[in-house]
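Read through the structure below, which is laid out as structure tokens, and then see the notes.
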Amino acid sequence: MTPKQFLQAVQKPPLAPGYAFLGNELFYRDHCRQALVKAVLGDDAGSRDEGLVEFDLAEHSLDRLIDDARTLSLFASSRLIVGFNAEAALPRKLTASSPDADALARYLKNPTPGVVLLFESTRYDWSDRDDQQRLERLVKFYSVVPQVVRLPRFTPEEALAATRILARRLNLSVEADALADLVEMLGSDMARLANDLEKLALYAGGEREITAAEIEVLVPEARQRGAFEFSDALARKDRQRALEVLGTLAHSGEHWPMQISLVAGLFRQALAAKEERARSVQDVMRVFNKHGIRIWPARAKQITEIARQFSQAELERAVGSMFEADRDLRQERPDDRVIMEQLVVNLTA
């Protein structure tokens, strides 16, 4: 079941006796949990205080949670019992017959009236291949639960579309390019995007458009914009602009090994694109998507520009130069500015 399907289904009684939320997408998780809390316990704050019970399954057994579910409450006619860190309940080897899964299945066949169970696991990412196997184990273990909701991360395109919708709901106007950059800077993390959009909405007060410069000031991750400008200048072999940005970054206390790591990642990806004969933004995105790596259009444009400006031999030398600069920066008392300026000269020759 998808989050959207869940949000529609939970509005139509009767509720299922059990639900499981699996995946580390916290934006949808929070919305789904809020909808379930409202459906089970209503809007009254007192009912929520009395009726919401949480168990950390890393510290308490699944049996204890089930025992609590079977115990009638003197203070709450309806209860929502949440077992978070749900992955901790899995046995080391998931056999065809698991005692904990059997006990949960027996309870769900004859659940306590007015009690709804919710199991949450936010540790694993559906887009990670290793995590997918762990999540499928969770799906198998909690298959006895009537409703299992999968919470995958937003794709960059989905995150941008959702961010635009959320901005409209908040009566927030943001420059289009600045909003796209913000989505990229925050890694399409909708929980973080929603949090920062609310802050921007409070700052703007619905009276004016938020600019890229204001985002740089108000959103910590956006302060890395100078790092992107530095990479863009190198991609164009624009030595003068690269040195200007370098000076600005030096005054702001930039951590140079991290900057080199960012640029080196771009050049290695450009080298890979070159080897795959990817010549356009669409080609680059297709190549990396084929290997399970999602590339945002702005980054694909950077990679394309680098691949266009540098030959394969130049890209290989550039990666070597960045390795040497990173090594030199880690020596005792290096002259960081001289090392970085020499790197710029080497990459824009």
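The values are calculated or read from the model by the stated rules, or taken from the named source; none is laboratory data. From a predicted model like this one, the values you see are computed outputs, not experimental measurements. Here the Cβ positions follow ideal geometry from the backbone for every residue, glycine too, while neighbour counts run over all protein chains shown.
Got a number for residues in segment 111-122 being touching a Lys or Arg at 6+ places or on another chain (Cβ under 8 Å) and assigned to a loop (DSSP other than H, G, I, E, B)?
Total satisfying the criteria: 3.
From the list Glu25, Glu87, which residue is within 18 Å of Leu138 (Cβ to Cβ) and in contact with a Ser or Thr (Cβ under 6 Å, 6 or more places away or on another chain)?
Just one listed residue meets the conditions, Glu87.
Filter segment 289-310 down to residues that are under 27 Å from the mean Cα position of the chain (by Cα) and assigned to a loop (DSSP other than H, G, I, E, B), then give me how many there are.
Total satisfying the criteria: 6.
Before we move on, is Lys274 crowded, with 18+ Cβ neighbours inside 10 Å, more than 25 Å from Asp181 (Cβ to Cβ), without any contact (Cβ under 8 Å) to a residue 60 or more places away in the chain and not acidic (Asp, Glu)?
The answer is yes for Lys274.
Within segment 215-238, does at least one residue satisfy the condition of being aromatic (Phe, Trp, Tyr) and modelled with pLDDT of 80 or more?
no
Taking Leu343 as the residue in question, decide whether it is under 18 Å from Gln259 (Cα atoms) and assigned by TED's automatic domain parsing to the domain that holds Lys237.
Answer is yes for this residue.
Restricting the search to segment 195-205, which residues are touching a residue at least 12 places away in the same chain (Cβ under 8 Å) and either over 28 Å from Ile295 (Cβ atoms) or surrounded by fewer than 19 Cβ atoms within 10 Å (Cβ to Cβ) (or both)?
We begin by selecting, within segment 195-205, every residue touching a residue at least 12 places away in the same chain (Cβ under 8 Å); these are 196-201, 203-204.
Across segment 195-205, the qualifying residues are Glu198, Lys199, Ala201, Tyr203, Ala204.
What number of residues in segment 2-26 are under 25 Å from Arg192 (Cβ atoms) and either modelled with pLDDT under 90 or polar (S, T, N, Q) (or both)?
Within segment 2-26, residues that are under 25 Å from Arg192 (Cβ atoms) and either modelled with pLDDT under 90 or polar (S, T, N, Q) (or both) number 5.
If you go through segment 10-23 one residue at a time, do you hit one that is surrounded by fewer than 15 Cβ atoms within 10 Å (Cβ to Cβ), within 22 Å of the chain's Cα centre (by Cα) and closer than 30 Å to Leu186 by Cα?
no
Identify, please: which residue in segment 302-319 is crowded, with 16+ Cβ neighbours inside 10 Å and in contact with an Asp or Glu (Cβ under 9 Å, 6 or more places away or on another chain) and is, among those, modelled with the lowest pLDDT?
Gln302
Counting only residues that are under 21 Å from Pro156 (Cα atoms) and not in a loop (DSSP other than H, G, I, E, B), how many does segment 6-27 have?
Here the count works out to 3.
Considering only segment 238-256, I want to know if a residue exists there that is within 25 Å of Asp189 (Cα to Cα) and surrounded by fewer than 18 Cβ atoms within 10 Å (Cβ to Cβ).
Yes, because at least one residue in segment 238-256 is within 25 Å of Asp189 (Cα to Cα) and surrounded by fewer than 18 Cβ atoms within 10 Å (Cβ to Cβ).
When the residues of segment 136-171 are filtered to those that are among the polar types (S, T, N, Q) and surrounded by fewer than 18 Cβ atoms within 10 Å (Cβ to Cβ), which remaining residue is farthest from Ala16 (Cα to Cα)? Quick ask: steps written out before the conclusion?
As a first pass, look at segment 136-171 and keep what is among the polar types (S, T, N, Q): 143, 147, 155, 163, 171.
With surrounded by fewer than 18 Cβ atoms within 10 Å (Cβ to Cβ) added as a condition, the list becomes 143, 155, 171.
Values: Ser143: 14, Thr155: 30, Asn171: 36 Å.
It comes out as Asn171.
(1) of a type in the set (D, E, K, R); (2) in a helix (DSSP H, G or I); (3) more than 30 Å from Thr163 (Cα to Cα); (4) modelled with pLDDT of 90 or more: which one isn't true of Glu50, the others all being true?
(4)
What are the pairs, 6+ residues apart or on separate chains, where a residue within segment 76-91 that is in the same structural domain as Ser47 (by TED's automatic domain parsing) and basic (Lys, Arg) has its Cβ under 8 Å from a residue that is surrounded by fewer than 20 Cβ atoms within 10 Å (Cβ to Cβ) and in a loop (DSSP other than H, G, I, E, B)?
Short answer, once both residue conditions are applied: Arg79/Ser73; Arg79/Gly114.
Would you check which residues across segment 172-194 are surrounded by fewer than 17 Cβ atoms within 10 Å (Cβ to Cβ), of a type in the set (D, E, K, R) and under 22 Å from the mean Cα position of the chain (by Cα) and list them?
If the condition is that a residue be surrounded by fewer than 17 Cβ atoms within 10 Å (Cβ to Cβ), of a type in the set (D, E, K, R) and under 22 Å from the mean Cα position of the chain (by Cα), then Asp177 is the only one that fits.
Within segment 255-268, is even one residue farther than 17 Å from Gln342 by Cβ and at pLDDT below 75?
Step one: list which residues in segment 255-268 are farther than 17 Å from Gln342 by Cβ, which gives 255, 258, 261-262, 265-266, 268.
Next, from what is left, pick out any that are at pLDDT below 75: 255, 258.
Yes, segment 255-268 contains a residue that is farther than 17 Å from Gln342 by Cβ and at pLDDT below 75.
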